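All remarks here apply to the structure that follows.
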Amino acid sequence: MRVFISHAPEDAAIAKQLYHDLNQLPDIELWMADMDLLPGQDRKREIQKAIRESRYVIAVLSRRSMEQAGSVHREMRLALDELDEMPEGEIFIIPVRVDECSPAHDRLRDIRSADLFPSYADGVALILRVLGMPAKVVRPEGDSGRSVDSGSGEKAGSPEAYSRNVNIGGNVSHSVIIIGDGNTAKVIRMIKDAGISGSESEGQ
């Protein structure tokens, strides 16, 4: 299943983080220009082809990207054209907001977004539901799921952010486990048939 990720240059960092997390999952072929466009290829032609061949288009949106002209608006127009050819009610475009922004395109405002704030892990879990992958979010002890800014000195994405104990309980057979800590997440896949319980320490 191919998934296209669209983003503005201003949102490249979080788009690459999302690409990295989703790329750990089986049966998903991601396409993002920053990562998959080869030297010598025609950018506009390859993006149009990738959108046309994708099952889903993830649109990473922010205030900055919505207020400025750029490729993300062109890619959204291409995605909306593809959506017009699909049965009514079909999910194709997944708006993913990184802050309290309003999509520039009227039609996108009517589509529910997956928000990566205040919890990145919860937003990723919503995306996985659309992709048809059961997801369970677990958090390190003492973590509320909100942004890492507690004065502890830990930075989002740092090894220290994953050094606390994580309790995973219940039957998580063939489920995607998202270990969330503020605005970061570690995506792993449980393939055991038995329930898993106990305490794990996850390092990035």
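The values are calculated or read from the model by the stated rules, or taken from the named source; none is laboratory data. Model, not experiment: these values are computed from the prediction. All Cβ positions, even for glycine, are placed from backbone atoms using ideal geometry, and neighbour counts span all protein chains on display.
Taking segment 8-36 as the range and being farther than 16 Å from Val130 by Cβ and touching a Phe, Trp or Tyr at 6+ places or on another chain (Cβ under 9 Å) as the test, the residues that pass are Ile14, Gln17, Trp31, Met32, Asp34, Met35. Contact annotation: residue pairs with Cβ atoms under 6 Å, 6 or more positions apart or on different chains, pairing a residue in segment 86-111 that is in contact (Cβ under 8 Å) with a residue 40 or more places away in the chain with a partner that is among the small types (Gly, Ala, Ser) and in a loop (DSSP other than H, G, I, E, B), are Val98/Ser62; Cys101/Ser62.
Restricting the search to segment 56-69, which residues are over 13 Å from Cys101 (Cα atoms) and exposed (fewer than 15 other Cβ atoms within 10 Å of the Cβ)? Before you say what the answer is, go through the steps one by one.
As a first pass, look at segment 56-69 and keep what is over 13 Å from Cys101 (Cα atoms): 56-58, 69.
The one that is over 13 Å from Cys101 (Cα atoms) and exposed (fewer than 15 other Cβ atoms within 10 Å of the Cβ): Ala69.
To keep it simple, each residue is scored yes or no on (1) basic (Lys, Arg); (2) modelled with pLDDT of 70 or more; (3) under 20 Å from Asp11 (Cα atoms).
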position	(1), (2), (3)
Ile94	no, yes, yes
Ser113	no, yes, yes
Arg139	yes, no, no
Ser147	no, no, yes
Ser152	no, no, no
Glu160	no, no, no
Ile168	no, no, no
His174	no, no, no
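Filtering segment 98-108 to residues that are under 26 Å from Asp21 (Cα atoms) and assigned to a helix (DSSP H, G or I) leaves only Leu108.
Which ranges mark the helices (runs of 4 or more DSSP H) fully within segment 1-97 that have 2 or more residues being within 20 Å of Arg112 (Cα to Cα)?
On the way: elements: 12-22, 33-36, 43-52, 63-67, 71-84.
Correct list: 12-22, 63-67, 71-84.
The selection criterion, being out of contact with any Asp or Glu (no Cβ under 6 Å at 6 or more places or on another chain), among the acidic types (Asp, Glu) and on the phi < 0 side of the Ramachandran plot, holds for Asp21. When segment 79-120 is filtered for residues that are touching a Lys or Arg at 6+ places or on another chain (Cβ under 6 Å) and more than 20 Å from Arg2 (Cα to Cα), the ones remaining, listed by number, are Asp99, Cys101, Pro103, Asp115, Pro118.
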